Amino acid sequence: MLLRHRGMAMSALTYLTPFSHLIPSPSCHFRLFLPLKPIFSFPLLQNPTKLSAIKPLSVSSTAACQFSNSSTIDVDVQPYLSCTMPNRRLKVAALLSGGVDSSVALRLLHAAGHSCTAFYLKIWFQDDFENFWSECPWDEDLKYAKAVCDQVDVPLEVIHLTNQYWENVVSYVIEEYRCGRTPNPDVLCNTRIKFGAFMDAISSMDFDYVASGHYANVIHPSPDEMDKPSILELSKDRIKDQTYFLSYLSQAQLKRLIFPLGCIPKDEVRKLAMKFDLPNKDRKDSQGICFLGKIKFSEFVARHIGEREGVILEAETGDFLGKHRGFWFYTIGQRQGLRLPGGPWYVVEKDVRNNVVFVSRNYFSVDKKRRLFRVGSLKWLSGLCPDQISHLLCKVRHGPDFYKCSFTMEPGEDGGEDIAVVQLSEDDQGLAAGQFTAFYQGTICIGSGVILESWDDRGFPVCQKALEIAKMEDKSKLGKPIKIKVKPAACPDEIDDRVVIHTRRKHTNSSSVADGMRSENQHGATHSTFLNWLQQLKQKLLEVF
């Protein structure tokens, strides 16, 4: 049949679907795959240790995928194949996003001699935001993915999981924010979409394993011990390690996964991309929330939850400081978007029922730290709760930092699932309900769960006056916000404590919602400027006393 894309006619052996108008330009031939029926594919060319690459002339978002007949280049990849199961010949479904990491992962799998088919997951729900961009946001990603596949004649298929993504991830994120919690869509995307709905979609295609460009390592049992569980281990690159995002997988999912980049540092992956002369070798790593693309988070929230004006109160005094657009725009520890003078101000608590946000300038003070919290909805990668529940490590957010921890199990409320009461070895200021805590035994990730709301007496202390004002039905009686005074300088000892705590809280930025909302908090004034000011203050005090 005849299809049209951006005013160009093209023919394809496919069925007319609601997504047919989104097929890229005619020179980019790939298989449009709906879970029900494959259309056509391309042959595979394999070489276990050497790769050939044809350099593309142009792979832009508007131009067709064109390639030159340039000379081939040979790359020795044998030292990089240890996480690809190189001694076996497997049929592998490789997830390809158009980015550098997944592209290098695909090339390594191909070099290891595996029969690879690449899959691009289309999860954008751009119909909701058709006025936010002039062209399809996934068009450029798909063209890069196709160009990478064409270099080694690997077939590419596109699977549409927009509806599944909305039902299993986006709608959950919206509901969690309505309830005042801070969800992590990246963990859910891996569990429910990339290694959930996608695996279901290809279940009839008899692949041995599914692979992706995640920085993690899966250790599978030997063929004669297949009854033993597979193990999720930290990647060689501890900074880029993504086991936190994979910690909520089931054992059944883990047994089917290969992560070729788990044994390679990030800088080596970039070097491999250059050696392979990948068409996307210079692309920057994506940093945004996976389902938003170019949409700002605040625009997404406003579109799907709306806005409702509320008041901002100082936690220690109950003073009326200003107004906000809705508590769901804020997460604990957030600094950005408050628009209050005399700061920095931080969100420390939220009254969901009364739509009130409590803030403080003392977020990092030593008397308001937390090291005890609850975790529910627990899932263990082995399928069973570990015998050892002390002398563990945990991550409360994506990044290289661990806490030493232990936990005890308690029965859930109203006969629900058991919950873990976690004790950290150090204090943490930014524990947000809805985020995940991942647990580790040494370098092995053993599972994770969702951080629950604080006990009433364990959160940031909000004064009684502030709590009473929050319950007022008619808050117009509060009048105008007070004039905020500049906070007086703290004593040197107190400042030193804050520097230590603030330094401990810095961590690698992730693609999660909470990390994005706290970014301004994490990247404020530089330490050098602050320490210089501290030294000057101490000198002045010595002169006075």
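The values are calculated or read from the model by the stated rules, or taken from the named source; none is laboratory data. Nothing here was measured: the structure is a model prediction, and the numbers come from that model. Using ideal geometry, Cβ is built from the backbone for each residue, glycine included, and neighbour counts are taken over all protein chains shown. Only protein heavy atoms, including side chains, enter the accessible area calculation; ligands, DNA and RNA are left aside. Shrake-Rupley method; radii C 1.70, N 1.55, O 1.52, S 1.80 Å.
When the criteria are applied in full, L249 fails the requirement of being of a type outside the set (G, A, S), open to solvent by less than 10 Å² (accessible area, probe 1.4 Å), modelled with pLDDT of 95 or more and assigned to a helix (DSSP H, G or I).
Among residues belonging to the range 221-243 that are of a type in the set (S, T, Y) and at pLDDT 95 or above, point out the one that is surrounded by the most Cβ atoms within 10 Å (Cβ to Cβ). Per the criteria, the residue is T243. Kindly establish whether G98 is modelled with pLDDT of 90 or more, more than 29 Å from the chain's Cα centre (by Cα) and not in a strand (DSSP E or B). So G98 does not fit the description; no. Selection of the range 314-356 for residues being in contact (Cβ under 8 Å) with a residue 40 or more places away in the chain, open to solvent by 10 Å² or more (accessible area, probe 1.4 Å) and aromatic (F, W, Y) yields F320, W328, Y330, Y346. Just one of the numbered conditions (1) in contact with a helix residue (DSSP H, G or I) (Cβ under 7 Å, 6 or more places away or on another chain); (2) under 30 Å from V301 (Cα atoms); (3) open to solvent by 10 Å² or more (accessible area, probe 1.4 Å) is not true of V218: (2). Do you know which residues across the range 216-238 are more than 28 Å from the chain's Cα centre (by Cα) and under 20 Å from S250 (Cβ atoms)? Across the range 216-238, the qualifying residues are P221, E225, M226, D227, K228. If only residues of the range 169-205 that are part of a loop (DSSP other than H, G, I, E, B) and among the β-branched types (V, I, T) are counted, the one that is surrounded by the fewest Cβ atoms within 10 Å (Cβ to Cβ) is I202.
Hydrophobic (A, V, I, L, M, F, W, C), in contact with a Phe, Trp or Tyr (Cβ under 8 Å, 6 or more places away or on another chain), more than 30 Å from I484 (Cα to Cα) and at pLDDT 90 or above, is that true of L378? Answer is no for this residue. Of the strands (runs of 3 or more DSSP E) lying entirely inside the range 307-371, those containing at least 3 residues that are under 16 Å from L478 (Cα atoms) span 310-314, 320-324, 356-360. If you go through the range 375-406 and keep only what is open to solvent by 70 Å² or more (accessible area, probe 1.4 Å) and under 14 Å from T437 (Cβ atoms), you end up with just K404.
Pairs are defined by a Cβ separation below 6 Å, a sequence spacing of at least 6 or placement on different chains, a first member in the range 137-150 that is in contact (Cβ under 8 Å) with a residue 40 or more places away in the chain and open to solvent by less than 10 Å² (accessible area, probe 1.4 Å), and a second member that is assigned to a helix (DSSP H, G or I) and not basic (K, R); the pairs so defined are V148/S103.
Filtered by the rule that a residue be closer than 22 Å to Y120 by Cα, in contact with a helix residue (DSSP H, G or I) (Cβ under 8 Å, 6 or more places away or on another chain) and hydroxyl-bearing (S, T, Y), the range 146-197 gives Y165, T191. Restricting the search to the range 471-485, which residues are basic (K, R) and part of a loop (DSSP other than H, G, I, E, B)? Correct list: K471, K480, K483, K485.
Residues in the range 447-470 that are at pLDDT 85 or above, surrounded by fewer than 12 Cβ atoms within 10 Å (Cβ to Cβ) and assigned to a loop (DSSP other than H, G, I, E, B): 0 in all.
For the range 357-375, check the following and say yes or no: at least one residue is of a type outside the set (A, V, I, L, M), modelled with pLDDT under 95, within 23 Å of the chain's Cα centre (by Cα) and within 21 Å of E176 (Cβ to Cβ). Checking the range 357-375: at least one residue is of a type outside the set (A, V, I, L, M), modelled with pLDDT under 95, within 23 Å of the chain's Cα centre (by Cα) and within 21 Å of E176 (Cβ to Cβ). So in the range 407-446, with the set limited to residues that are in a strand (DSSP E or B) and of a type in the set (D, E), which one is least open to solvent (accessible area, probe 1.4 Å)? So the residue we want is D428. Among the candidates F320, F300, F291, the residue that is modelled with pLDDT of 85 or more and not basic (K, R) is uniquely F320. The residue list G449, G416, G399 contains one member that is closer than 21 Å to Q253 by Cβ and not aromatic (F, W, Y), which is G449. Scanning the range 295-306 for residues that are of a type in the set (V, I, T) and either in contact with a His (Cβ under 6 Å, 6 or more places away or on another chain) or part of a loop (DSSP other than H, G, I, E, B) (or both) turns up I295, I305.
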